[in-house]
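First, the structure itself, so that you have it in front of you.
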Amino acid sequence: GWARQPEQVIERATTSAERAVTLAPNDARALTVAGHVRGFLCKQPRDALDLHERALALNSNLALAWCFAGLSHCYLGHHREASRFIAHAVDLSPSDPHLFFFGMAQTMPHMLRGEYELACDIGRWAVGLNPWFTSAYKGYLAALGHLGDLDRAADVRERLLALEPGFTVESAIARSPMGRPEDLKRYADGLRL
């Protein structure tokens with residue numbers, strides 16, 4: 001949400017990720033990061049899953065690959081599978097330096113399944129681990145909206161807007177790689193509430 005020229009940023013990220021895979025085709029981390037770029041930035045989660053599966057075949061203990069694959073499942077609407085993959089990432093690396101990212105990732109499938117209390121608990125935890133990571137606020141805020149917890153939602157919204165002043169519901173939906181209209185609607189409705 002910070003890029004002034006998002007198309008150029010996406011192009012550069014895509015080129016860099018593809019170059020990494022070309023230079024190191026058996027590097028599980030390069031494959032899964034390329035998959036995340038493809039799934040999230042390029043909005044091609046099915047293609048991303050192919051890269052994540054290759055990464056996991058090379059290193060089944062790479063927590064980041066489990067998390068990124070879980071996000072791709074979430075974008076495709078496979079929310080139970082997404083939760084399972086992301087939970088496995090946390091199990092593999094409970095002290096991971098990216099644990100805040102895993103928490104953000106786990107918030108989304110729970111929120112999209114209507115498990116708002118659980119999504120809020122995980123979202124609050126993720127924000128606490130890294131209060132500068134704006135993505136952690138968004139699923140958390142949507143879950144709070146669905147719960148009607150307007151006091152906490154106002155605080156979370158204020159903290160998000162302090163970090164990402166240009167954030168809007170419309171921009172969040174435009175950037176979202178979620179493919180199912182019902183998931184986009186639930187996310188947008190929660191944010192609006």
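The values are calculated or read from the model by the stated rules, or taken from the named source; none is laboratory data. Just so it is clear, the model here is predicted, and its values are computed rather than measured. In this analysis, Cβ positions are derived from the backbone assuming ideal geometry, glycine residues included, and neighbour counts consider all displayed protein chains. All accessible areas refer to the heavy atoms of the entire protein, side chains included, with ligands and DNA or RNA removed. Shrake-Rupley method; radii C 1.70, N 1.55, O 1.52, S 1.80 Å.
Among (1) touching a helix residue (DSSP H, G or I) at 6+ places or on another chain (Cβ under 6 Å); (2) modelled with pLDDT of 95 or more, there is one condition ARG46 misses while meeting the rest; what is its number?
Going through (1) touching a helix residue (DSSP H, G or I) at 6+ places or on another chain (Cβ under 6 Å); (2) modelled with pLDDT of 95 or more one by one, ARG46 breaks only (1).
A further question on this structure: Which one is most open to solvent (accessible area, probe 1.4 Å) among residues in segment 167-178 that are modelled with pLDDT of 95 or more and farther than 13 Å from LEU141 by Cβ?
Among residues in segment 167-178 that are modelled with pLDDT of 95 or more and farther than 13 Å from LEU141 by Cβ, the one most open to solvent (accessible area, probe 1.4 Å) is GLU170.
Residue under question is THR14, and the condition is that it be touching a Cys at 6+ places or on another chain (Cβ under 9 Å) and at pLDDT below 95; does it hold?
Yes; evaluated as a whole, the condition is true for this residue.
Say we look at segment 32-43 and pick out the residues that are in a helix (DSSP H, G or I) and farther than 16 Å from VAL21 by Cα; which of these is most open to solvent (accessible area, probe 1.4 Å)?
Ranking the qualifying residues of segment 32-43, first place goes to PHE40.
Among the numbered criteria (1) touching a residue at least 24 places away in the same chain (Cβ under 8 Å); (2) over 21 Å from MET108 (Cα atoms); (3) crowded, with 16+ Cβ neighbours inside 10 Å, which one does ALA20 miss?
ALA20 satisfies all of (1) touching a residue at least 24 places away in the same chain (Cβ under 8 Å); (2) over 21 Å from MET108 (Cα atoms); (3) crowded, with 16+ Cβ neighbours inside 10 Å except (1).
Need pairs with beta-carbon distance below 6 Å; first residue free of Cβ contacts under 8 Å to residues at least 60 places away in the same chain and within segment 151-167, second among the acidic types (Asp, Glu) and surrounded by 13 or more Cβ atoms within 10 Å (Cβ to Cβ); sequence gap 6+ or separate chains.
Correct list of pairs: empty, since none qualify.
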